[in-house]
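A short write-up of the structure that comes next.
Nothing in this text is a laboratory measurement; each read-out follows from the coordinates by a stated rule. None of the values given here were measured: they were computed from a predicted structure. No Cβ is skipped: glycine too gets one built from the backbone with ideal geometry, and neighbour counts run over all protein chains shown.
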Amino acid sequence: MIKISLTFLLLAFLILQGCDPDYSYSVSADENAVITQNGEIVDGPIKPGRHFKIPFIQEVHLIKVHRVWEVELHLKNSSEIKAKLLWQIIDPISFFKLIQNGATEKNIGLVLQNKLNPVLQSINKNEILEIAVAQEKDPFYSNYVTEKALNEIQQYISDSGIKARLYFSKKT
């Protein structure tokens, strides 16, 4: 009797595995996962490792959390300085909700760029040069100019799970 039960369990396991080989999933070191069921978030953020899900019912969404996206900004008043906006995901669930609403990484970069460019055009060339020199020594240097610019996009990024910072450097 035990032999038949074990055979049945093994057969059932193999059939289920053949029907949906995704009963388990891996989250790599640079990712977090968000689990949805019927379109609703039921678990997350899930840290790296091997995990299990309910086949056919739950869906796994992997989010690259340790990646830094870079957006080139245009400075009309300074041809010798490059400006970049660097952003990364700090809250995978909020970011997933933003992506579910139709945003993409490229769209996010373009929106941030469009919101920041007018602010950057109003900054004095000497102030930008001063920031670039300071950021060569300390990449995390920030002052009232960079904080003012980041405050312009704060309304957009506050609920999106994104952290942003400005970086200026001399063109070589």
Classify the chain as rounded, prolate or oblate from the Cα gyration tensor: take a ≥ b ≥ c as the square roots of its eigenvalues, call it rounded if a/c is under 1.5, otherwise prolate when a/b beats b/c and oblate if not.
prolate
Convex hull over the alpha-carbon atoms of the stretch 79-172: what's its volume per residue in Å³?
99 Å³
Counted neighbours (other Cβ, 10 Å), sorted fewest up, put ASP91, ASP138 in the order ASP138, ASP91
Under the Karplus relation with 6.51, -1.76 and 1.60 and θ = phi - 60°, whole-Hz ³J(HN,Hα) for the stretch 163-171, x at Gly and Pro, equal 10, 10, 8, 9, 9, 10, 8, 6, 6
Candidates PRO45, PRO55, PRO92: whichever shows maximal mean-square fluctuation once the chain is modelled as a Gaussian network with Cα springs under 10 Å:
PRO55
Sites LYS125 and LEU86 - FRET efficiency at Förster radius 22 Å, r taken between beta-carbons, to 0.05:
0.50
Ranked by GNM mean-square fluctuation in the chain (Cα springs under 10 Å), the top entry among LYS106, LYS137, LYS82 is LYS137
What 222 nm value per residue comes from the helices of the chain, counting each DSSP H run with n ≥ 4 as -39,500 (n - 2.57) and dividing by all residues, nearest 500 deg cm²/dmol?
-13500 deg cm²/dmol
From fewest to most C-beta neighbours within 10 Å, the residues GLU130, GLU70 line up as GLU70, GLU130
Under the Karplus relation 6.51 cos²θ - 1.76 cosθ + 1.60, θ = phi - 60°, what is the ordered set of whole-Hz ³J(HN,Hα) values for the stretch 93-105, x standing for Gly and Pro?
5, 4, 5, 4, 4, 5, 5, 4, 7, x, 6, 10, 4
Taking Cα pairs closer than 8 Å and at least 6 residues apart, the relative contact order of the stretch 8-159 in percent is 17 percent
Which of ILE162, ILE123, ILE108 moves the most in a Gaussian network model of the chain with Cα springs under 10 Å?
ILE123
Tilt relative to the chain, helix 144-157 - C-alpha long axis, 0 to 90 degrees, to 10:
30 degrees
